[in-house]
Structure formats: structure tokens, C-alpha cells
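The values are calculated or read from the model by the stated rules, or taken from the named source; none is laboratory data. Predicted model only: the values in this text are computed from it and were never measured. Cβ placement follows ideal geometry from the backbone for every residue including glycine, while neighbour counts extend to all protein chains displayed.
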Amino acid sequence: MIIANQKPLGEIMDMLEGVRRVLVLGCRGCVAVCSAGGDKEVKILASAIRLGKGRKGEEIEVVEETFVRQCDPEYLEPLQEMGKDFDLVLSMACGVGVNFIADRVPGVKVKPALNTTFFGANLSSGEWKEMCAGCGACVLHLTGGLCPVARCAKSLSNGPCGGSQGGRCEIDPEVPCIWHEIYEKLKGFNEEASLETIMPIRDWRPSGHGGPRKRIREDLLP
Amino acid sequence: MISGSNLESILTSGQFAVTGELGPPKSGNRDIVRKKARILKGYVDAVNITDCQTAIVRMSSLTAGLLALSEGVEPVMQMTCRDRNRIGMQADILGAHALGIKNLLCLTGDHQKFGNHPQAKGVFDMDSIQLLQMVKAMRDERRFQCGEEIKGGEPRLFLGAAANPFADPFEYRPIRLKKKVDAGANFVQTQIIYNVEKFKEFMKRCVDLGITERCYILAGVTPPKSLGMARYMKNFVPGLDVTDEVIGRLKDAKDVREEGINIAVDIINEVREIPGVAGVHVMAIEWEEAVPEIVKRANLLPRPEAKIEPVLMGAQSIDEAVEQARKEAEERLQGEISRYKEEVEASKRQAEKEKEESAREINALKREMASKEDELSEKERRIQELLDALRAEKAKIVELESKGVVSTVSTVAGEVSEETKVLEEDIVSRKQLDFALRSMEAGLEALKKVLGLEDEAFEALKRFIEAEFVLKGEGPAVPTGPVTPPTEKRPPAPPEEVAQPVEAAGEEPEVHKRAKEVVNLVAKGNLLLHQGKAAEALTEFKKALEIDPEDEKAKAGLEEAQKAISAKETEEQKEEPRAEETKEGIPPTPEGLTDEEWQRKWVIRLIATGNCALYEKDQDKAISCFEQALRLDPENEKAKRGLEAAKKGEFPTYESPREEVVEEAPKKEEAEERPVAEAAPPEEKVEEVKEAAPPQKEEVKEAKPKEEAGPAPAPKAAAAIEVSGEFEFKKEETSLLDRIGSIPQDLFMEKATGSIREVVIGDGEKAITVGGASALPFHLFEGEMPHAPKIAYDVLDSKPEEMPEPLLKYYEECLDDPVKWAKKCETEFNAQAICLSLVSTDPNGLDRSSSEAAKLAKEVIDAVECPVILWGCGNAEKDTETLREITAMVTDKKVCIGPLTDANYRNLGATAMAMGLPVVASTPIDVNLAKQLNILLENLGLGLDHILMDPSIGAVGYGLEYTYSVMERIRLAALMQQDEKLQAPFICNVGREVWKAKEVKLPTDEMLGDQEVRSILLEAITAASLLFAGGELVIMRHPRAVALTNALIQGLMG
């Protein structure tokens, strides 16, 4: 899922300068699962805004709302009407939600309450880790299911660099060397010989370096 | 020769090479580079110029390399992949060649994290191996990385790579080095070596891999400058192996620097002896002065003389050099002139004194002076010429720069990439379309195959004949021959093809709608055809062709349907005479069956056929079938009833499988094998039963309060009394609304806008209904909760390997007999339902065969009256097999089957739909996956009123909170946001999760307390928590935990 993190409150309060009515809009998609922008977080942030404004002696009306998702047009529909009543919509969705509101709901001023970080998995309660870089040209079939693009600090294609020591990455002893893990994994399947082949230089276009990406499935188009 | 560099010629000539290292300054001061170069000059064959090592900004390696070259030192330019992409790197490579650089060392580069700009974006467009490949192709194939040809002057570079023998995994290091050599490395410089033994092993492997025959390996050596530096390298530099011996030597040394140099010399002497080592790379980091000493002591002097070509420098440097040369010449000439002048003066004076004597001498001196002056003017003229030439050169350079070669190149590249992009998008969409078409084709192929499987399908069909009737509108499957394909072999494609267009048919343009209608009709036709209803299928195909006469699939289907009809006719014709051949009107007994069995099956089939006929209102056929059945088995009740109905002309109408459950329920006791005729009994019968039912219901009502209240003794269930007697919750007598006082209701009331569907499990009066809530769990002040949550007892179908003591106490005597176990749960503990866990079928465990497990399961199902949930082992394929086997045997009971996952929902869903059974839809703790599976099952035709959602739960301490929040979110979506696809009740397999926890297995001790109390509470609290999250049916094991949970439920339900 998409992992996000709430922006520092100070930054959010700066966005609310001069705002009298704000809608704190959560999302029940990924950001709810990673405890960054679901119902609960909407409540907490709304309370923090009220308290913060109160301390400054300013008045603000904060309305809390959480949509099923902010990345599908049908769920955004209510915002067309609702949004008109607010000076600002503070979206607690990932960047996709903020963009989508900006695109689809004209006349509504939207700002982000989160920093969208990465595609990751939930290791344990409160801990998420990057697993995929969305590079658009998957090589996981060659690397035992472990991604060198997302999980190697230098996105190497051809094995561990000289900084790999004891299965750890040189940039941080907390970070495992993914190439070491790939090697061990393939060795476990007796497939380590496949790492003798040189992986050719990558085409980075599918990863977004060829311009903004779009996906079309003709058969599903209306 | 590749590049003709000094390093290359020394290595190819077989001499032992020495290279050094020069770190460019963190400034623009060229004198630092020059000074360092001069120190190394004459002591090394080439000098590595680092490329912003450790990611600290320094003078670029290209520039510093040129400065070294101007000092007559051959540079090895280093290039990393960290700071430039392939465009920048190729540009610099071309430039390096143009300016006389001949060696290039290709590196990935240190991560920017280590440097002075950790905020920088690391480029890493490629890695070192891919860089080697790229430069090799530029050099040998004269093409850029993109494939475009390099016209007129490819970069001739002697390529180097780095290797670290001390990084991990050790055994992969030589292989990775081989990759570098394969990619194009001509020479290799290793990481600093202190552990010579490990390096020897590394070299041995390199020799074995043939690396040393294809490239030159230079061993890396660094003199430790201080003890602190050695310790730092040992502890903080990844991939450096500083031995304790080295540390020890430095610690004991009087002069640490001297010892450092000795260590380096010793290592050089050792590595020289290792086969395959072609030279050394001496890196004296910020200690260049040590290099001459080390090289001298290691007896590597003198170095072969390097033939360095003069380097063309930047314009400013040229001006400066010219200026300096002019100044020097001027000074020299001025000096000479003044000297000559003095001499002339002196000689004049002398001449005056000795006029006569020196007249000739004066003449000679005059001539000499004149010639000197000539020489002077000639020199000045030459300087002027040189200056003019240089100015012209400078002007040319400026002109070249201004022509803007770069911009034209980039425009061309831009156009090309745009073209390819468009092309690529086109290909992608065409591919997607292609793929979609192919998968649709595959579905149809599968369907055809199934139609071809007639003989194999025959046996399966017989089992499903009765089940077929349950399906509305699909009842009259013709049970006469192999024409009808079996329900269980239904391929996944047709239901989906029907479902998808329906789902998507929101606001579509007319054309699409028509196309979709065709697809729909074809799919429907295929489905019908596949169900054996060829005639109906024919009409569908015809309809489709009316809309779109060109549709290939409809045409093919039409043909198929026509074939099927003619095949069926011939089959029927064959069938009749064959039936007459046998004495009693039975076809010959097939292999593997006794005559008796065959006869019984034939009777069932006849009755089924009769029932079919009844639905089709074909009175004559029905009568003849039932009569034939009665001839074979005069006592058969179903046949008698059928005959009666047929004669009276009572044709049943059938509404939906759901109602059947309710209608049938009271009649459970009648027959073991439920006849088809009962599937939809006439209304009169229902009334009869209703009249008969009340006394029994009263009994049940009486029994229940006893059990819940506890103290009242029930003679047969001692354990149950003991258990339930201990737990009583004090009920809150005043309602919430009274207690809340004056707080306005709209402050706390949140009425649900949706409600949970009801699901019935089991038959007769023991059937249980779960779901139906229109409020959050136990929020009775907000809405209805018509059915209290239910608890099922978990029964394992094989003796578990270990069972915690608190459970063993209750189940020890029946562990290896699931029938006894289930009976015990029902009679002693008053179980509301039984969950039979088919753990024995797990392919990773006992791997009991499906048929064996099915037999046992049937015994259990027959032995108890309460509803049974069949819970597979979790292996999708095995569960499909086992559960089908069981449902085929147990046609008369509405068991609940599960778990259905995304891997087997089609097959098991079809089975459940055929039999009208409720299912458990299992997903791994995820709202979206749960919803998706529900949608898939609905598309298949199974309603939400037959689905129990298993969200995959965790016990307290084992992820309960995660389960809780997912369940809560599902429930809120179902109730508050009208998310209809999530309005199914929850089932939670609590027992299984709790009783594998560590805490229930640890014996009683002071810290953890009594084992039994602990484990009961763990199970009860897990169950209670999940009930609060919306759980409607929980599966548990410990009777006391069940009693505790039940008491809680009763207390809360008021």
C-alpha cells in the first residue's frame, strides 16, 4: 500500500493562516491502514487544529469528514457541493487524493496534511518498510522476489557493492544488504548461477523518467 | 594496444606495475594537484584521480587528471555513477579522450550519504558493470549507449574496475569480478589489503575462474599513517579487513609512520608472490610523500620511463605559460644585455687606455655585439609569432564553442524519444487488448473441453443430479446420459463473462451497450450450453446474432448448441432400447459397483428424472419414471410421493434456494437421504409441519434458559452445569436511555443506514441464524440486533499432535474419535453448532485422502443434529476436493463450507450454489480483499445471504488489534456507508488461533498464574473482543471459555 506520514503540525498551521472554515478530509484507503489519514487521524488532527488556533486566539471552524477513498471520482462527488462551504480542504489522503481533488473539484482550495512517502508493507504494528519503487519494469523474477531497485541504496543491478559487510548495507547497519539476501535466497534454490549473467542497463522510462505515467485498459473504458 | 597508455604497455609487457592515487583538492587550486603529481612522478606508472571520493565535492577527476598529465604523470581517471546519468558520463568520456586521458576506472561510487551533501539525489542511472559495458561498446563498437554510431573518433580508453575481496558474500566476490571482466574491465585494482591470507584465497578463485588470464589484477596497498587511522578503518569502513597483527605492530612501534611504511612494503612483498597479481596500487591517502619511500624499499625502482604526450591545456593556462616563458626569456636576455653592456664599457675603457693595441679587438667586439643584438631581435620576433599563433588558436576554440553543437544534438534526441514514446504507447494498448482477447478465448476453450469430458463427468454427474434441481431455472438437467456436463466441472470462465458486463453496465453509450449485450448473450448461451440446456442456449445465440450477425463467438456457440441437440437426440434414442434390454429396466451394472448399489443409484436417478419432469410439467414422463423406480424399490417413499404428486398434477414452483432452507427445516427427521421432491414441498405440507412443530420448540425454549442461567441442574450435562454455573454477569437493569439522563440523543445516537444480511446455517429447529443487525454490536439503543451472536465448538478430525492440558482435561477420551467428540460437544456442552476442522487433510501434515476424510466427516454430520461448519485445512486445491466429496455425500444437510479463498472460490462457490449451502469467505485481514471476494462470489451467483466473512483473526497478543480494526472498518462501511458488498456476517475462528498461542501451553507458575484460568481467559477475551468488533459466529474450544462468552452475550443482549 501507499505509506504516508503526517506533516509537522507547525507546517499545517501555517497553511491555515487566515482560514476560518476548514474541512479535514480523511481517506479510508491506504493512509487509513497505515494510520496516517483515517477516521482516527482526522479526529486527532482536527482537535489539534482547534487547540492550536485557540491558543493563538483565532477562531476557526473545523469540520471532520472521511471518504471511502479520494482516488475514485464517485467518492469525491459529495465534495462538489460540500467543498463550497469551506475556505480550505485539508486532505489527509496521499498525494493522489490531493491531486485528484485539485483536478476534479474546481473552486475548492485543497492542501495536503500528509507527506506521501513510499509503497510499503506493514512489518509490525507501527512499522512500515519500502518494498517497491513502482519502477514499471519488474525484475523480481530474476532476484528471488527481492527488489534491488527499491531496497538497494544505489539501486544496483549486478550484485552487492563493496560496502556489503556481514549482510548489512554500508549506509546503515540497520539496513540489510538486499543483494546479499538475493544471493542467499537464490543459493537456497540452487539458482545462484543466474547471478553470473549481467543485467543490462535499465530503461528508466517506465519508472516515470519518460514523463507522467498513465494506464489504459481498452476493454474497461466506458 | 587498446589505448596505448603507459599503464597498458607496462602491464602487457609483463612488468610488475605500480599505480598511485591522487585526491583532487576541495578547491580550485591547481597547484595542489601539480605538487602532488610531482611527488609521485617517476615512482608510479600511473596515478588514479579520484572522482569526488566519499561523495565529497572536489575538483573534477577529468580536470585534475589533465593537470597531472601536464606535470608528466599519467592519470587513471576515475568515474562514478553517482553524480551523472548516461548522457553526462558519455559526454565526459568523449572529452577525456579528446584531451589525452587514456585510462578510465569505472566505479559505482560511494553513497551520497557519506559525503558533505547527503541531501543530494543519487543518480545511479547504471552500476559499475553497466558503465564498463557502455564504455567498452563506445570504444570497440563505436556506438553510444543508445546504439547510435559514434562517427569520427571513438574514445580509446584502457578500462579499469575495482574489486573488494573482503566484502560479503565472500564466495560471490570472484564471480562478481568475472562479471566486470565480461563487461569490459582490462585491469582491476583491489580494495586495501591487510589480510593477505584471505586475499590469497580470493586470488586462487580468480585464477580458477580464468579471470587473471583476461585482465590484470593490481593489489591495493595503503600504509597506515597512524594507529587511530588503522583502528578507524578496522571499525568504521565497511568492506575493510584490518588484521589485529597490523594494529599490534603499530601499537608497539616507536615510529608509527616508519612502521606504517614497513607494513606496506611487507604486504607488497607478500602479494607479489601470489599467482595472478600483476602489480600494486599504492594508496597513500593524504600522505603522498610515503609513496617514493615505499616503492624504493619494495625494490620496485627504477620505473620504466613513461612516454607522455604533451597535453593541451585550457586557454588560460596557455596564456599563463606563454607569459611566463616570455618573462623568463626577457629576464635572461636583459641580463645578457646588461652583462654585454658592462663588458663593452669595460672594453671601451680598456680600449681608451690601450687604443692602439685594441683597435682590432674593438672591431671584433662591435661585431659580436651586433650579432647578439640580431639574436635578441630574432628571439623577440619568434615570441611575437608564437603569441600570434596562440591567439589564433584561442579564437578558433571560441568559435567552436559558440557553434552550439550540443543544442542540435539534444533536439534530435528529443524528437526520437517522442516518436518512440508514441509508438510504445500504441504497442502497449494493442498488447493489452490482445491479452484480453486471448484470455476470453481461453475461457471458451475450457468450456469446450468440459463438454468433451462426457464420460469422466458421468459419475460426478450422478452425484449432482439432485443438487442440480436446487438451482432456480437450472433444474431440468437431463439425467439420461453423458450429454449434460457435471456441475462440479464447471469452468470458471462463463460466470465471469456474464458477471463483468453486468457490473460495468452503468452509463454506457448505445454501441457499447449493444456489444455488451451480445457478449452477455453469448456468455449466457455458453453457460446454458454447458449446463446441458442446448435448446435454450440456441435461442440465446440466435438473439445474439440478431443484434450482431457478425459475432464469431455467437456463431460458434450456435453451431455447438445445434450439435449438442442432435447428439442428445441420438443419445436418447440409444438409451431407450438399451434400457429395455435388461430384465428390470436397468442398464448393465458399470464396473466397480455391485448390482445392488447400481440399482439403488438407478432408482435415485429415476426419481431425479421424475422430479425434473415435474418441474417441466411433463406429467407422463414423471409418472413413468416414478413407476419404474417403484418397480425396482417398492418401498421408496420419495418415489411414492413423487408419483402421487405427478398423478394429481401438482407441479412445484421454485423460488430461491434460501427459502428452501426455511421450508425444509422442520422436516429434518424424516429421511436420511433427502429426496428431491422435498426440495420444494407443496404449501400444505408446510402448514402441517408448522402445526407439529410447537411442542418441540417449547422444549428448546425451556432448555435454553436453564443452560444460560446456570444453577438449574440438567441431569445429562454435568460439565456444562459446572461451567456455566460459575459465570454470571450482573445485568444492567436501567436502559441506556434512562441512564443517560438529560443529554440530548442526537449527541450520541448514530443510527445505521444499512443492515447486515441474515445467514441460516443448518436445518430444522436446530438451525441457527446469524446476522441481521442494523446497529453496531450490542448498541441496542441505536438499532436492532435480532440474533444474538452464536458460538460453535471446534472439533478436529484427527488427533492433534499436542493439546494443551486445559483442553485435554475435557476432550482426552475422544481425541481420536471426532464423532464422539462432536457428540460430547452437543450433548454435554449444549453446542449451538459444531465446526469440524478437516486438519487431517493438510498435504503438509497427515495428508489424509479426500474420500477418507469425507467418510469420517459424514459420520460426524450424521451423528449430530446441530448445524455443522466444515472447515478445510487451508490448502485451496485439497479443500476443493475434500469439500466437494463431502457435499456430494451429505446432500440432505445444510452444512456450511469453508474456507473459500480467491484461489478456489469458483469451484467451491459453484458447489455451494448448487446445494444452496452457506460458505465461509476467507481473506487475509484486508477490507478491500474481503469486499472483492464477496463481489466475486456474488458475480458467481452466490448471494450475500449465503456468505460468512472470515477476516482472518489473531488472538490477544497475536495481532488482535489489527483484526479488530479491519473488522470494525468493514462493519462501519456496511452499516454507515451502505457498502452493500460488505453487509455479510462475520465468522471468527477463535479456538484455532488461541490454542496455538504460547501462553496457553506454558504450565502454571507464579508469574503467569494458573494455566487453565489463563487459557480460558485468553480464549474468552479474544472472542469477546471480536464480538465487539462485529463477530456474529465464533468458533471456540474450551467449554468454560464458551460459557463465559455466552454469559457475556446474554448479559449484553438483555
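Of the residues B:Leu107, B:Leu99, B:Leu67, B:Leu94, which is within 12 Å of chain A (Cβ to nearest Cβ) and among the aliphatic types (A, V, I, L, M)?
Values: B:Leu99 fails: within 12 Å of chain A (Cβ to nearest Cβ); B:Leu67 fails: within 12 Å of chain A (Cβ to nearest Cβ); B:Leu94 fails: within 12 Å of chain A (Cβ to nearest Cβ).
Every option except B:Leu107 fails the conditions.
Yes/no matrix, rows are residues, columns are (1) touching a Ser or Thr at 6+ places or on another chain (Cβ under 8 Å); (2) within 19 Å of B:Arg971 (Cα to Cα):
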site	(1), (2)
A:Cys27	yes, yes
A:Asp39	yes, yes
A:Ile44	no, no
A:Ile49	no, no
A:Gly54	no, no
A:Val63	no, no
A:Thr66	no, yes
A:Arg69	no, yes
A:Glu77	no, no
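Working only within region B:756-774, note down all residues that are assigned to a loop (DSSP other than H, G, I, E, B) and either basic (Lys, Arg) or surrounded by fewer than 19 Cβ atoms within 10 Å (Cβ to Cβ) (or both). Spell out the reasoning first.
Step one: of region B:756-774, the residues assigned to a loop (DSSP other than H, G, I, E, B) are B:756-757, B:762-763, B:767, B:772-774.
Correct list: B:Arg757, B:Gly772, B:Ser774.
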Residues that are assigned to a loop (DSSP other than H, G, I, E, B) and either touching a helix residue (DSSP H, G or I) at 6+ places or on another chain (Cβ under 8 Å) or basic (Lys, Arg) (or both), drawn from region B:268-287
B:Ile274, B:Pro275, B:Gly276, B:Ala284
Quick check on region B:295-303. Is at least one of its residues farther than 30 Å from B:Asn262 by Cβ and either surrounded by 10 or more Cβ atoms within 10 Å (Cβ to Cβ) or under 58 Å from the mean Cα position of the chain (by Cα) (or both)?
no
State whether the residues of region B:918-936 include one that is in contact with an Asp or Glu (Cβ under 8 Å, 6 or more places away or on another chain) and at pLDDT below 90.
no
Among (1) part of a helix (DSSP H, G or I); (2) away from chain A (no Cβ under 14 Å); (3) of a type outside the set (Val, Ile, Thr), there is one condition B:Arg971 misses while meeting the rest; what is its number?
(2)
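Within region B:20-36, which residues are assigned to a loop (DSSP other than H, G, I, E, B) and over 47 Å from the mean Cα position of the chain (by Cα)? Lay out the reasoning, then the answer.
Within region B:20-36, the first condition is being assigned to a loop (DSSP other than H, G, I, E, B), and the residues that meet it are B:23-29.
Selection gives B:Ser27, B:Gly28, B:Asn29.
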Output the residues belonging to region A:183-221 that are touching a helix residue (DSSP H, G or I) at 6+ places or on another chain (Cβ under 7 Å), assigned by TED's automatic domain parsing to the domain that holds A:Gly162 and not in a loop (DSSP other than H, G, I, E, B).
A:Tyr183, A:Leu186, A:Glu192, A:Ser194, A:Leu195, A:Glu196
Check every one of the helices (runs of 4 or more DSSP H) wholly within region B:811-917 and list those with 1 or more residues that are without any contact (Cβ under 8 Å) to a residue 12 or more places away in the chain.
B:818-827, B:850-863
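For residues that are in a helix (DSSP H, G or I) and closer than 19 Å to A:Val175 by Cα, scanning just region B:110-128, find the one that is farthest from the other protein chains (Cβ to nearest Cβ). Write out each step before concluding.
Going residue by residue through region B:110-128, those that are in a helix (DSSP H, G or I) are B:112-114, B:128.
Now restrict to residues that are closer than 19 Å to A:Val175 by Cα: B:112-114.
On the way: B:Gln112: 9, B:Lys113: 5, B:Phe114: 8 Å.
That would be B:Gln112.
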Within region B:165-187, does at least one residue satisfy the condition of being under 39 Å from the mean Cα position of the chain (by Cα), under 22 Å from B:Asp266 (Cβ atoms) and within 14 Å of another protein chain (Cβ to nearest Cβ)?
yes
If you go through region B:594-618 one residue at a time, how many are assigned to a helix (DSSP H, G or I) and buried (at least 17 other Cβ atoms within 10 Å of the Cβ)?
15
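Do we find that A:Ala137 is part of a loop (DSSP other than H, G, I, E, B), more than 12 Å from chain B (Cβ to nearest Cβ) and within 16 Å of the chain's Cα centre (by Cα) in this structure?
Details: part of a loop (DSSP other than H, G, I, E, B): yes; more than 12 Å from chain B (Cβ to nearest Cβ): yes; within 16 Å of the chain's Cα centre (by Cα): no.
When the stated conditions are applied, A:Ala137 does not pass them.
Counting only residues that are acidic (Asp, Glu), touching a residue at least 24 places away in the same chain (Cβ under 8 Å) and at the interface with chain B (Cβ under 8 Å from one of its Cβ atoms), how many does region A:194-214 have? Steps first, please.
As a first pass, look at region A:194-214 and keep what is acidic (Asp, Glu): A:196, A:203.
Checking which are touching a residue at least 24 places away in the same chain (Cβ under 8 Å) leaves us with A:203.
So of that shortlist, the ones also at the interface with chain B (Cβ under 8 Å from one of its Cβ atoms) come out as none.
So the answer is 0.
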Scope region B:81-91; condition within 13 Å of chain A (Cβ to nearest Cβ), surrounded by fewer than 19 Cβ atoms within 10 Å (Cβ to Cβ) and outside any helix (DSSP H, G or I); matching residues:
B:Asn85
Would you be able to say whether some residue in region B:927-938 is assigned by TED's automatic domain parsing to the domain that holds B:Leu838 and more than 24 Å from the chain's Cα centre (by Cα)?
yes
Any helices (runs of 4 or more DSSP H) falling wholly within region A:25-114 and containing at least 1 residues that are assigned by TED's automatic domain parsing to the domain that holds A:Pro8, surrounded by 18 or more Cβ atoms within 10 Å (Cβ to Cβ) and of a type in the set (Gly, Ala, Ser):
A:30-33, A:39-56, A:95-104
Here are B:Ala315, B:Ala306: which of them is touching an Asp or Glu at 6+ places or on another chain (Cβ under 7 Å), modelled with pLDDT under 90 and not polar (S, T, N, Q)?
B:Ala306
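Residue-by-condition table, conditions (1) buried (at least 17 other Cβ atoms within 10 Å of the Cβ); (2) at the interface with chain B (Cβ under 7 Å from one of its Cβ atoms); (3) at pLDDT 95 or above:
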| site | (1), (2), (3) |
| --- | --- |
| A:Pro148 | yes, no, yes |
| A:Arg151 | yes, no, yes |
| A:Ser157 | yes, yes, yes |
| A:Ser164 | yes, yes, no |
| A:Pro173 | no, no, no |
| A:Ile182 | yes, no, yes |
| A:Lys185 | no, no, yes |
| A:Glu192 | yes, no, no |
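In region B:152-164, which residues are more than 10 Å from every other protein chain (Cβ to nearest Cβ), farther than 16 Å from B:Met77 by Cα and touching a residue at least 12 places away in the same chain (Cβ under 8 Å)? Talk me through it step by step, then tell me what you get.
Filtering region B:152-164 down to residues more than 10 Å from every other protein chain (Cβ to nearest Cβ) leaves B:152-161.
Subsequent filtering for residues that are farther than 16 Å from B:Met77 by Cα retains B:152-154.
Those that are more than 10 Å from every other protein chain (Cβ to nearest Cβ), farther than 16 Å from B:Met77 by Cα and touching a residue at least 12 places away in the same chain (Cβ under 8 Å): B:Gly153, B:Glu154.
For region A:64-83, does any single residue satisfy the condition of being of a type in the set (Val, Ile, Thr) and away from every other protein chain (no Cβ under 14 Å)?
Just the residues of region A:64-83 that are of a type in the set (Val, Ile, Thr), to begin with: A:66, A:68.
When the remaining residues are screened for being away from every other protein chain (no Cβ under 14 Å), the result is none.
Within region A:64-83, none of the residues are of a type in the set (Val, Ile, Thr) and away from every other protein chain (no Cβ under 14 Å).
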Of everything in region B:232-252, what is among the polar types (S, T, N, Q) and closer than 15 Å to B:Ile263 by Cα? Give them in sequence order.
B:Thr243
Out of region B:974-1000, which residues are basic (Lys, Arg) and either in a helix (DSSP H, G or I) or within 14 Å of chain A (Cβ to nearest Cβ) (or both)?
B:Lys981, B:Arg992, B:Lys998
So which of B:Lys225, B:Lys254, B:Lys179 ends up being charged (D, E, K, R) and either over 28 Å from B:Glu288 (Cβ atoms) or not assigned by TED's automatic domain parsing to the domain that holds B:Glu286 (or both)?
B:Lys179
Between residues in region B:539-567 that are on the phi > 0 side of the Ramachandran plot and residues that are not small (Gly, Ala, Ser), which pairs lie under 9 Å by C-beta distance while being six or more apart or on different chains?
none
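If I filter region B:241-260 for residues that are more than 21 Å from B:Phe16 (Cα to Cα), within 14 Å of chain A (Cβ to nearest Cβ) and modelled with pLDDT under 95, do I get at least one hit? Spell out the reasoning first.
Start the filter on region B:241-260 by keeping residues that are more than 21 Å from B:Phe16 (Cα to Cα), which leaves B:241-260.
Going one step further and asking which of them are within 14 Å of chain A (Cβ to nearest Cβ), we end up with B:241-242.
Imposing the further condition that a residue be modelled with pLDDT under 95 reduces the set to B:241-242.
Yes: one or more hits.
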